[in-house]
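Let me begin by handing over the structure; questions about it come next.
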Amino acid sequence: MTENLTRRAMIAGLGLYGSAAWANAPLTSLRPEARRTNLPRVRPKARLSTGDMIAEAGLAGQVGFVIADAVTGEVIEAIDGAVPRPPASVTKAVTALYALEILGGNYRFDTRIYATAPVVEGKIDGDLILAGGGDPNLLTDDLFALSETLKATGVTEVTGRFLVWGGALPGVEEIDESQLDHLGYNPAVSGLNLNFNRVHFEWKRQGTGYDVTMEARSETRRPGVSMARMNLADRTTPVYAYRDGGGIDQWSVAKGALGGEGSRWLPVRYPALYAGDVFRTFMKEHGLDLPVAQRITTLPEAGVIAVHNSAPLTRVMRDMLRFSTNLTAEAAGMTATAGLSGQRRGLRTSALGMTRWVQDRAGISPEFVDHSGLGDASRISAADMVGLLNAQGVSGVLNPILKDIVWRDDNGRPLKDAPGAVRAKTGTLNFVSTLAGYVTTAGGRRLSFAIFAADLEARERGKAAGDEQPNGSITFNTKAKRLQQDILLRWARLG
């Protein structure tokens, strides 16, 4: 139970809030959508038509909506449903289907320790290798457990190098190059990942200066990190700046933006070296002094001496859909593509492979540029999304792992005598709000739906301005989410 709570807290970034300083917002940075998993508080509007609801929401011309019978596939209502729009994190539902059908629900990612020579009386007269198998959910606590497994083998000396290998997946410096550098939900992707490839930056005022730490933090351990460094800068903007230090992430932050104290997660661009840095710290605690980690691109002949296995893929995908972790989606999607094609593919090529697979699977025509939905160049129409949800066998895979959407009244409380139930995936980018899944009506009818809203002109203006949260984006997304609940409440009552 402790392990599950630790992992969930790490995924959600719980307990890491500081003061409301400029550099703090937003403090959570794993996913591009709003933190809440429930739709916002609104009053049901069952008497209005769906078209009236869209017009009243002030999003007319930007919303695509389709609802269909989930058993027969018959489309019951559609408004502007054929227009392709960015799916945002609804993409992850597609990725979950892709990964589970290709790899199987029992698939596990592994992280291994290899040695190029046998252990003889506690000594390895060769190299020690930390090798990732693409696990996107490896946490500091998992890496510590792996270090304890190695310690239990009796290794006390390594005469050669300490190597790290992330070649199980092609390296990606960041998921979406158009995003700001400091956003923790836009990290690198590697075959060897740690803490969703984020480092925890914390600051506390001390006199006229600050104490600053960079850590691979978990709920139980706080190992310092040397490959990610932070400098305080006497400037106004930008708040954060990044420089590639050739194996070291060199960050700087505007000192005047920090306030009293706070923290946030920053992305890691050298994931394998990050994991190696932390593992080396743990082994030093165990009495084994390893040299500084070196990256390798080819895994040499070596024997396995310790292994950590991830949770089964079904659980990994369920957590991904609940917490909307971008790294999980990219690693799972790229691993599925490798399983399908027999070759490792880069992120964009892998997304194209998923696109073609979905086209064949459901007879639809989406375009995906990634597996997470972080890139806003992906496109799918509400009609095509519903077509996928209704394709043979899809609901049996997705419905059990989609998250429950809770109806709420004007006071934020769960709606009494709520009509039916919704299991769906949300998606949120600035000026993009999406929701797709299944609804069971008050009468027991099962429906599938997709509601996509996007103001792409406003989104482009926000990107051009370099704003993490552009003016008007919260208002747009709040209106869109209210509209989503209004529409679904109407159909849950009518059905």
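The values are calculated or read from the model by the stated rules, or taken from the named source; none is laboratory data. These figures come from a predicted structure and were not determined experimentally. When we count neighbours, we look across all protein chains shown, and the Cβ atoms used for this are built from the backbone with ideal geometry, even at glycine. Just so you know, the surface numbers come from the protein's heavy atoms only, side chains and all, with ligands and any DNA or RNA stripped out. Shrake-Rupley method; radii C 1.70, N 1.55, O 1.52, S 1.80 Å.
Whole-Hz Karplus ³J(HN,Hα) for region 132-149, in order, using 6.51 cos²θ - 1.76 cosθ + 1.60 and θ = phi - 60°, x for Gly and Pro?
Per residue, the Karplus-derived 3J(HN,Hα) values read x, x, x, 4, x, 10, 5, 10, 3, 5, 5, 5, 5, 4, 5, 5, 5, 4 Hz.
Moving on. Counting only heavy atoms of protein chains, what accessible area per residue, in Å², does the chain have with a probe of 1.4 Å? Let's see the in-between values first.
Values: 19620 Å² over 495 residues.
Heavy-atom accessible area per residue stands at 40 Å².
How would you order 427-436, 352-361 from highest to lowest mean count of nearby Cβ atoms within 10 Å?
Working: 427-436: 26.5, 352-361: 18.0.
Ranked from most to least packed, the peptides come out as 427-436, 352-361.
Can you work out the FRET efficiency for the pair Asp410 and Ala152, with r the C-beta to C-beta distance and R0 = 41 Å, to the nearest 0.05? Walk me through the numbers on the way to the answer.
Details: r = 57 Å, r/R0 = 1.39.
Efficiency for this residue pair is about 0.10.
Also, I was wondering about something else. So what's region 363-494 giving for Cα Rg divided by 2.2 N^0.38 Å, two decimals? Show your work: numbers first, answer last.
On the way: Rg = 15.9 Å, N = 132, 2.2 N^0.38 = 14.1 Å.
Ratio of Cα Rg to 2.2 N^0.38 Å: 1.13.
Nearest 500 deg cm²/dmol is fine: what mean residue ellipticity at 222 nm does the chain get from its DSSP H runs of n ≥ 4 alone, each adding -39,500 (n - 2.57), divided by its residue count?
On the way: 12 runs with 148 residues, N = 495.
Theoretical 222 nm ellipticity from helices: -9500 deg cm²/dmol.
Also, quick follow-up: With the cut-off at 1.5 for a/c, could you classify region 66-110 from its C-alpha gyration tensor as rounded, prolate or oblate? Numbers along the way, then the final one.
Numbers: a/c = 4.76, a/b = 1.91, b/c = 2.49.
Cα axes put region 66-110 in the oblate bin.
Could you list the residues of region 265-281 with an amide nitrogen less than 19 Å from a label point located 7 Å from the Cα of Arg243 in the Cα-to-C-beta direction?
Counting backbone N atoms under 19 Å from the label point, the list is 267-270.
log₁₀ I(q)/I(0) of region 91-209 at q = 0.22 Å⁻¹, via Debye over equal Cα point scatterers, no solvent, to two decimals?
For region 91-209, the Cα-only Debye profile gives -1.28.
Using a probe of 1.4 angstrom, how much of the accessible area of region 116-241 is carbon and sulfur, in percent? Walk me through the intermediate numbers first.
Numbers: 2170 of 4910 Å².
Result for region 116-241: 44 percent of the exposed heavy-atom area is carbon or sulfur.
Now, a different point. Please report the Cα spread of region 249-345 along all three principal axes, rounded to whole Å, starting with the longest.
Computed over the Cα atoms, the extents are 51, 39, 24 Å.
Expressed as a whole percentage, what fraction of the accessible surface of region 347-472 belongs to carbon and sulfur atoms when a 1.4 Å probe is rolled over the protein heavy atoms?
Working: 2160 of 4910 Å².
The C+S portion of the solvent-accessible surface of region 347-472 is 44 percent.
Then there is this: For region 392-402, what does the Karplus curve 6.51 cos²θ - 1.76 cosθ + 1.60, with θ = phi - 60°, yield as ³J(HN,Hα) per residue in whole Hz, taken in order and with x for Gly and Pro?
So the J values, rounded to whole Hz, are 4, x, 5, 4, x, 8, 7, 4, x, 10, 5.
What are the principal axis extents of the Cα atoms in region 161-249, in Å, biggest first?
47, 34, 27 Å, listed from the longest principal axis down.
Moving on. According to the Kirkwood expression over distinct Cα-Cα pairs, how big is the hydrodynamic radius of the chain, in Å?
Working: mean 1/r = 0.0424 Å⁻¹.
Mean inverse Cα-Cα distance, inverted, gives 23.6 Å.
Explain nothing, just compute: Karplus ³J(HN,Hα) = 6.51 cos²θ - 1.76 cosθ + 1.60, θ = phi - 60°, for every residue of region 374-388 in order, whole Hz, x for Gly and Pro.
5, x, 7, 7, 5, 9, 7, 8, 4, 5, 5, 5, 5, x, 5
Could you give the length gained on full extension between Ala377 and Arg161, defined as 0.36 nm per residue of separation minus the Cα-Cα distance, in nm?
Working: separation 216, 0.36 × 216 = 77.76 nm, distance 4.27 nm.
Separation in residues times 0.36 nm, less the Cα-Cα distance, equals 73.5 nm.
I need the Debye-formula profile for region 211-287: one equal scatterer per C-alpha, no solvent, reported as log10 I(q)/I(0) at q = 0.23, 0.24, 0.27 1/Å, two decimals.
These q points yield log10 I(q)/I(0) values of -1.13, -1.19, -1.35.
So for region 392-452, what percent of the C-alpha to C-alpha distances run longer than 18 Å? Intermediate results must be reported in sequence, preceding the final value.
Numbers: 796 of 1830 pairs.
Every Cα pair in region 392-452 considered, those over 18 Å come to 43 percent.
Can you bin region 310-356 into rounded, prolate or oblate? Criterion: square roots of the alpha carbon gyration tensor eigenvalues sorted a ≥ b ≥ c, rounded for a/c under 1.5, prolate for a/b above b/c, oblate for the rest. Numbers along the way, then the final one.
Numbers: a/c = 2.50, a/b = 1.72, b/c = 1.45.
Verdict is prolate for region 310-356.
May I ask you to give the percent of accessible area on region 261-317 that is carbon plus sulfur, with a probe radius of 1.4 Å?
That share works out to 47 percent.
Lys284: which aspartates and glutamates have alpha carbons under 15 Å from its alpha carbon, excluding same-chain residues fewer than 8 sequence positions away?
Within reach: Glu148, Glu157.
Which lysines have a Cα less than 24 Å from the Cα of Lys92, not counting those fewer than 8 places away in the same chain?
Lys403, Lys425, Lys463, Lys479, Lys481
Below 19 Å, Cα to Cα, which lysines can Lys255 reach? Residues fewer than 8 away in the same chain don't count.
Within the straight-line limit of under 19 Å, Lys255 reaches these lysines: Lys204.
Roughly how many debye, to the nearest 20, is the charge dipole of region 389-458 about its Cα centre, given +1 on each Lys and Arg Cβ, -1 on each Asp and Glu Cβ, and no other charges?
On the way: 8 positive and 6 negative charges, 73 e Å.
Result for region 389-458 is approximately 360 debye, rounded to the nearest 20.
Sort 89-95, 196-202, 273-279 by packing, meaning the average of other beta carbons within 10 Å per residue, with the highest value first.
Values: 89-95: 28.9, 196-202: 25.0, 273-279: 27.1.
Peptide ranking by packing, descending: 89-95, 273-279, 196-202.
Taking the highest mean first, how do the peptides 114-125, 258-269 order by number of other beta carbon atoms within 10 angstrom per residue?
Details: 114-125: 15.2, 258-269: 22.0.
Highest to lowest by the protection proxy: 258-269, 114-125.
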